[in-house]
Amino acid sequence: MFLIICTLLAIPVSAHEYDPAEIVLIGKVVHHEAGNQSELGKRLVADTILNRVESDKFPNTVAEVINQPGQYCTPKEYPPDGTYKIVAEEIYMRTNPKVLYFKTGGYHSFAVPIIKEGNHYFSGRSE
């Protein structure tokens, strides 16, 4: 895993600088929330976190975004290395820069539907 994190540090990032601990935390959440979903589903879950961190409507750190009540799990398990690669790629170039929310069973009533992938319904804000 150390080699993966060092490799990730060499990837250019978007508007926010992400440190290795944040990349690990996002990877753990993605694995917990979407470990049984497609690669696209994993990418979209990562995007919800990254897009929130970079939005002025949410907290500014990965930990604060993930730890908001009722938003994401509190992961303990480390994901396969491929999950960190997905996170790094999404930091560099988002699959969907508009997704902010996801849930199973349908879209959030307060948000704009964007895409359904696997068991997750992804939505964003109208702005």
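The values are calculated or read from the model by the stated rules, or taken from the named source; none is laboratory data. These figures come from a predicted structure and were not determined experimentally. Using ideal geometry, Cβ is built from the backbone for each residue, glycine included, and neighbour counts are taken over all protein chains shown.
Points worth noting:
- Residue match in segment 20-39 (condition: touching a residue at least 12 places away in the same chain (Cβ under 8 Å), exposed (fewer than 13 other Cβ atoms within 10 Å of the Cβ) and assigned to a helix (DSSP H, G or I)): no
- P75 over 12 Å from the mean Cα position of the chain (by Cα), surrounded by 21 or more Cβ atoms within 10 Å (Cβ to Cβ) and either of a type outside the set (A, V, I, L, M) or under 20 Å from D19 (Cα atoms) (or both): no
- Positions within segment 68-83 being part of a helix (DSSP H, G or I) and out of contact with any His (no Cβ under 7 Å at 6 or more places or on another chain), in sequence order: D81, G82
- Of residues in segment 58-91 being among the aliphatic types (A, V, I, L, M) and without any contact (Cβ under 8 Å) to a residue 60 or more places away in the chain, the one farthest from A46 (Cα to Cα): A63
- Every test in (1) touching a Leu at 6+ places or on another chain (Cβ under 9 Å); (2) in a helix (DSSP H, G or I); (3) at pLDDT below 95; (4) of a type outside the set (V, I, T) is passed by E90 save one, and that test is (3).
- Residue within segment 49-57 that is under 11 Å from the mean Cα position of the chain (by Cα) and charged (D, E, K, R) present: yes
- Condition check for Y107: under 18 Å from E17 (Cα atoms) and either modelled with pLDDT of 95 or more or part of a helix (DSSP H, G or I) (or both): no
- Note on segment 45-67: residues that are in a loop (DSSP other than H, G, I, E, B) and among the basic types (K, R) total 1.
- Total residues in segment 78-117, condition touching a strand residue (DSSP E or B) at 6+ places or on another chain (Cβ under 9 Å), among the small types (G, A, S) and surrounded by fewer than 18 Cβ atoms within 10 Å (Cβ to Cβ): 2
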